Amino acid sequence: MNGFQYISGVVSLTVDEAKCVGCRMCVNVCPQGVFVIENRKAKIHRRDDCMECGACAKNCLTSAITVQCGIGCARALIRSVVFGTEPTCDCSGDSAA
């Protein structure tokens with residue numbers, strides 16, 4: 001997504017390695033290249049690049065991935081493109097995003 005990065009350290013993305021079967025679906029569907037497979041398990045490689053779109057969680061065969069999609073700065077960036085406004089997100093307490 002044009003090199004946009006999330007605010008460092010606030011992404012809601014998690015992987016439960018005990019549930020992961022290494023199917024690679026998250027690697028295949030993630031538009032930001034957030035995941036890698038190591039030792040037959042999904043690992044979050046670039047957490048701050050996650051835009052919380054939810055594609056990984058929706059396509060995870062074992063529900064090993066969770067993410068709160070449609071929140072925060074990713075939502076703000078998408079809305080700013082659609083409406084031609086400056087991006088504002090909920091992290092500053094401004095709920096107008």
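The values are calculated or read from the model by the stated rules, or taken from the named source; none is laboratory data. Everything numeric here is computed off the predicted structure, so don't read it as measured data. Heads up: the accessible areas ignore ligands, DNA and RNA and are worked out on the full protein's heavy atoms, side chains in. Shrake-Rupley method; radii C 1.70, N 1.55, O 1.52, S 1.80 Å.
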Of all residues in the stretch 24-33 being open to solvent by 60 Å² or more (accessible area, probe 1.4 Å) and assigned to a loop (DSSP other than H, G, I, E, B), which is nearest to ALA76 (Cα to Cα)?
PRO31
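So that you can scan it fast, the table gives a plain yes or no per residue for (1) at pLDDT 95 or above; (2) open to solvent by less than 70 Å² (accessible area, probe 1.4 Å):
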residue: MET1; (1), (2): no, no
residue: SER12; (1), (2): no, yes
residue: PHE35; (1), (2): yes, yes
residue: ILE44; (1), (2): yes, yes
residue: GLY54; (1), (2): no, yes
